[in-house]
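S.K.: Can you read through this structure? Questions will come right after.
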Amino acid sequence: GGGGGFAQKTITVVPNDTLTVVVGSGGGGGTYLTPGAGGTPGGAVGGTPANSWRPPAGGGGGGGYSGIFNNSTPSQASALLIAGGGGGSGGAGSWGYTSTAGGGGGSNGVNASFSGTGGTQVAAGTGWGGGKGAALTGGVGGPGRSYGGGGGGGGYFGGGGGPGVDSD
């Protein structure tokens with residue numbers, strides 16, 4: 001999968017301010033017939049493969065975002081700083097086929113080739129065969145007969161999920 005984002009900011013704190021610091025986790029790897037779990041918070045689950053006669057693989061889950069929020073409930077409105085999670089990798093098999101990755105989340109999430117687009121500060125990433133990202137949340141990886149697509153990473157707007165592969 002893709003690497004998570006980096007963010008830096010100086011925050012002025014005054015007495016009685018309540019700040020919440022969230023540290024995201026990486027998404028899980030897909031295995032035989034099982035997609036990888038999305039990292040928390042905000043990373044999306046990878047796509048599910050449906051074909052059991054070939055060595056299919058589920059897509060990897062997108063990574064969760066990290067951030068600092070100005071109250072105890074993380075939301076876009078309370079965000080002071082967010083570093084987006086990386087998009088999950090697409091499932092890969094032993095026959096040389098691979099599916100495609102999810103896009104990253106964040107202020108300028110990276111697009112994966114022929115895959116989910118990255119989230120930005122103003123719009124969620126689109127899923128090209130996978131789910132669209134949303135506020136703080138990546139899009140679900142697309143299903144495939146053989147290999148599931150990668151889940152999108154969480155961010156201010158999450159990245160889109162990648163498509164699965166329907167090879168025979």
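The values are calculated or read from the model by the stated rules, or taken from the named source; none is laboratory data. Predicted model only: the values in this text are computed from it and were never measured. Backbone-built Cβ (ideal geometry, glycine too); neighbour counts: all protein chains shown. Just the protein is used for accessible areas: all its heavy atoms, side chains included, with ligands, DNA and RNA removed. Shrake-Rupley method; radii C 1.70, N 1.55, O 1.52, S 1.80 Å.
S.K.: So, R0 is 30 Å and r is the distance between the beta-carbons of Thr73 and Thr31; what FRET efficiency does that work out to, to 0.05? Before the final figure, lay out the partial values.
M.R.: Numbers: r = 34 Å, r/R0 = 1.13.
So, using R0 = 30 Å, E works out to roughly 0.30.
S.K.: How much of the accessible area of the range 115-168, probe 1.4 Å, is carbon plus sulfur, in whole percent?
M.R.: 61
S.K.: Then there is this: If I model the range 122-168 as equal point scatterers sitting on the Cα atoms and use the Debye formula, what is log10 I(q)/I(0) at q = 0.18, 0.26, 0.27 Å⁻¹?
M.R.: -0.42, -0.70, -0.74
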